[in-house]
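Student: Here you go, one structure.
The values are calculated or read from the model by the stated rules, or taken from the named source; none is laboratory data. For clarity, every value in this text was computed on a predicted model and none was experimentally measured. We place every Cβ from the backbone using ideal geometry, glycine too, and count neighbours over all the protein chains shown.
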Amino acid sequence: MVMMKKYKAVIFDMDGTLLETAQGIIDGVNHTRAELGMTEVSDEEAKKHIGPTLQESFADVFVNQVEEAIRIYREYYEKKGQYSIELFDGMIDLLELLKLKGFKIAVSTMKYERFAKNIIDFLGIGEYFDAISGCDASGELSKAALIIKSAESMGLNKDEVMLIGDSKYDGIGANAAGVDLIAVTYGYGFDRENAVEYNPIFIADNVYEIIDWFKKNL
């Protein structure tokens, strides 16, 4: 059994962990491609842009038009894409449980921070969160840096927080930041085979398994 007493906060990745956000991202990618005279791609191809920064994921696709592509994408996403979202089933129950047990809660996402905050406000769940950390316009902050930023915003050190995430970017970030990881397979990246590469303390196939894990380990 993992001893829970050392943890004071839970940090969530946003896309594919806290929220189902794929459709807005898919639509934003294909809108950007259309604006730049490119053909649309499949949903699965567009989903490859979920996880890394836009600067990173757009580099190989838009090549010499990366900055213009980012501008187009963000303009579309702010107007429409960020609202094509929903909470994963059971997430409110998990947030309620964590708050009931005295945990602080944060979000660390490679999404533009303003969009992340807009989304939390749009869903009316801001009361649950003590910190929201996302990328700035430059996209230079790493996942590890954003995790540490969230921890510090809550007055905590890395040994007092854990990350819940759905992709290798979360695994790499958690390992680099030195924080424990709960890997989830219901999002856009991990399955039970590749998640183990990042030494998670638990792997969950749905939100209710996370709830059960916290109940058993508190």
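Student: Please indicate, with yes or no, whether at least one residue in the stretch 196-204 is crowded, with 18+ Cβ neighbours inside 10 Å, hydroxyl-bearing (Ser, Thr, Tyr) and outside any strand (DSSP E or B).
Tutor: yes
Student: Residues in the stretch 44-88 that are at positive phi and surrounded by 13 or more Cβ atoms within 10 Å (Cβ to Cβ): how many?
Tutor: Let us first name the residues in the stretch 44-88 that are at positive phi, namely 51, 63.
In the following step, the residues that additionally are surrounded by 13 or more Cβ atoms within 10 Å (Cβ to Cβ) were identified as 51.
Qualifying residue count, the stretch 44-88: 1.
Student: A further question on this structure: Restricting to helices (runs of 4 or more DSSP H) lying wholly in the stretch 20-102: which have 1 or more residues that are within 22 Å of GLY139 (Cβ to Cβ)? Lay out the reasoning, then the answer.
Tutor: Values: elements: 22-35, 43-46, 54-62, 66-79, 91-100.
Answer list for the stretch 20-102: 22-35, 43-46, 54-62, 66-79.
Student: Those residues that are acidic (Asp, Glu) and out of contact with any Phe, Trp or Tyr (no Cβ under 7 Å at 6 or more places or on another chain), I need them from the stretch 143-193; list them, please.
Tutor: Of all residues in the stretch 143-193, those acidic (Asp, Glu) come to 152, 159-160, 166, 170, 180, 191, 193.
Across the stretch 143-193, the qualifying residues are GLU152, ASP159, ASP170, ASP180, ASP191, GLU193.
Student: Tell me which of these ARG33 doesn't satisfy, since it passes every other one: (1) surrounded by 14 or more Cβ atoms within 10 Å (Cβ to Cβ); (2) at pLDDT 95 or above; (3) within 30 Å of GLU160 (Cα to Cα).
Tutor: Single failed check for ARG33: (3).
Student: Criterion first (surrounded by 17 or more Cβ atoms within 10 Å (Cβ to Cβ), farther than 30 Å from LYS215 by Cβ and outside the structural domain of ARG114 (by TED's automatic domain parsing)) does VAL41 satisfy it?
Tutor: On the way: surrounded by 17 or more Cβ atoms within 10 Å (Cβ to Cβ): no; farther than 30 Å from LYS215 by Cβ: yes; outside the structural domain of ARG114 (by TED's automatic domain parsing): yes.
So VAL41 does not fit the description; no.
Student: Name the residue, out of ASN194, ASN217, that is farther than 18 Å from MET91 by Cβ and at pLDDT below 95. Walk me through it before giving the result.
Tutor: Values: ASN194 fails: at pLDDT below 95.
Exactly one residue qualifies, and that residue is ASN217.
Student: Condition check: in the same structural domain as THR109 (by TED's automatic domain parsing) and within 30 Å of ALA69 (Cβ to Cβ). Does ASP166 satisfy that? Please lay out each step first, then the result.
Tutor: Values: in the same structural domain as THR109 (by TED's automatic domain parsing): yes; within 30 Å of ALA69 (Cβ to Cβ): yes.
Spelling it out, ASP166 is indeed in the same structural domain as THR109 (by TED's automatic domain parsing) and within 30 Å of ALA69 (Cβ to Cβ).
Student: Still on this structure, please answer the following. Considering each of ALA183, ALA176 in turn, give the residue that is crowded, with 24+ Cβ neighbours inside 10 Å and either part of a helix (DSSP H, G or I) or in the same structural domain as LEU100 (by TED's automatic domain parsing) (or both). Even if it seems obvious, please write down each step before you answer.
Tutor: On the way: ALA176 fails: crowded, with 24+ Cβ neighbours inside 10 Å.
Of ALA183, ALA176, the one residue that is crowded, with 24+ Cβ neighbours inside 10 Å and either part of a helix (DSSP H, G or I) or in the same structural domain as LEU100 (by TED's automatic domain parsing) (or both) is ALA183.
Student: Another question, if that's okay. Quick one: count up the residues across the stretch 110-122 that are free of Cβ contacts under 8 Å to residues at least 40 places away in the same chain and either surrounded by fewer than 19 Cβ atoms within 10 Å (Cβ to Cβ) or of a type in the set (Asp, Glu) (or both).
Tutor: Residues that pass the stated criteria total 4.
Student: Then there is this: Inside the stretch 100-112, can you point out the residues that are in contact with a strand residue (DSSP E or B) (Cβ under 9 Å, 6 or more places away or on another chain) and either farther than 17 Å from MET154 by Cα or of a type in the set (Gly, Ala, Ser) (or both)? Please lay out each step first, then the result.
Tutor: Narrowing the stretch 100-112 to residues in contact with a strand residue (DSSP E or B) (Cβ under 9 Å, 6 or more places away or on another chain): 103-112.
Across the stretch 100-112, the qualifying residues are ALA106, SER108, MET110, LYS111, TYR112.
Student: Yes or no: GLY124 under 21 Å from LEU19 (Cβ atoms), modelled with pLDDT of 95 or more and not aliphatic (A, V, I, L, M)?
Tutor: On the way: under 21 Å from LEU19 (Cβ atoms): yes; modelled with pLDDT of 95 or more: yes; not aliphatic (A, V, I, L, M): yes.
Considered against the rule, which asks whether it is under 21 Å from LEU19 (Cβ atoms), modelled with pLDDT of 95 or more and not aliphatic (A, V, I, L, M), GLY124 comes out as yes.
Student: If THR53 satisfies all but one of (1) out of contact with any Leu (no Cβ under 9 Å at 6 or more places or on another chain); (2) under 21 Å from VAL107 (Cβ atoms); (3) modelled with pLDDT under 95, what's the number of the condition it fails?
Tutor: Failing condition for THR53: (1).
Student: Now a separate question. Which one of the conditions (1) closer than 15 Å to THR21 by Cβ; (2) part of a helix (DSSP H, G or I) does GLY134 fail to meet, given that it meets all the rest?
Tutor: Answer for GLY134: the failing condition is (2).
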